[in-house]
Amino acid sequence: MPKARAAKEKLLDAALSLIREKGFSAMTVDDLCARAGVTKGAFFHYFKSKDELGVAAAEHWSAVTGALFERAPYHDAEDPLDRVLGYIEFRRALLRGDIPEFTCVVGTMVQETYGQYPQIRDACAASIFGHAGTLTDDIAEAMTKRGLVADWTAESLAAHSQAVLQGAFILAKAKNEVGVAIESVEHLRRYVELLFTHPSTVEKKQ
């Protein structure tokens, strides 16, 4: 990797870890440079401001996590519902270690920036909804395979999965423990199973 590119990658990687640990607002350029081991001059060579870094961090997060999920084993399941449930199990398996190690960078960042920094908000939205979109085809295929006709869409269920996951991260932060997040993800799995195995029951409750 060229030296110049290495410095930029170090800054972006440092941003991901610091946003998870401290939040975007509390993170300073000095923090970033110290964590990345680069000079402040290097930071301003690549980014005009911390806000510009925030947009780049969201895009970097999408690239890093996108590669992780593309390699995940749940894609190998033949049944599309098994792939959806496998995705949820994969997300559960990632809930380990300290809270900053498993929480979502863009979910954390958008809560702080959505009203004041629309460019960062939009970059976070692209990341969250883009990731949700990777589930849509499997959900739609599972609905078709089971002849499921519902008053909800594959897109809305994919988005709901992200709402549960982001909420699980918030609960983990509020209680400072991972168990409550694991319980939320387990409930998500039960809900999806119920949608596909007993759809009429779910619709009546709604």
The lone exception for I139 - which of (1) touching a Pro at 6+ places or on another chain (Cβ under 9 Å); (2) farther than 18 Å from Y74 by Cβ; (3) not small (G, A, S) it fails: (2)
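How do the helices (runs of 4 or more DSSP H) wholly within the range 1-57 filter down when requiring 2 or more residues that are crowded, with 20+ Cβ neighbours inside 10 Å and modelled with pLDDT of 95 or more: which remain? Even if it seems obvious, please write down each step before you answer.
Numbers: elements: 3-22, 29-36, 40-46.
Output list reads 3-22, 29-36.
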In the range 120-145, residue nearest to the chain's Cα centre (by Cα) [restricted to those that are closer than 16 Å to A163 by Cβ and of a type in the set (A, V, I, L, M, F, W, C)]: I128
Residue count, the range 149-173 (criterion: modelled with pLDDT of 95 or more and either of a type in the set (A, V, I, L, M) or touching a strand residue (DSSP E or B) at 6+ places or on another chain (Cβ under 8 Å) (or both)): 11
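The values are calculated or read from the model by the stated rules, or taken from the named source; none is laboratory data. Just so you know, these numbers come straight off a predicted model, no measurement behind them. For neighbour counting, all protein chains shown are included, and Cβ atoms are generated from backbone atoms with ideal geometry for every residue, glycine included.
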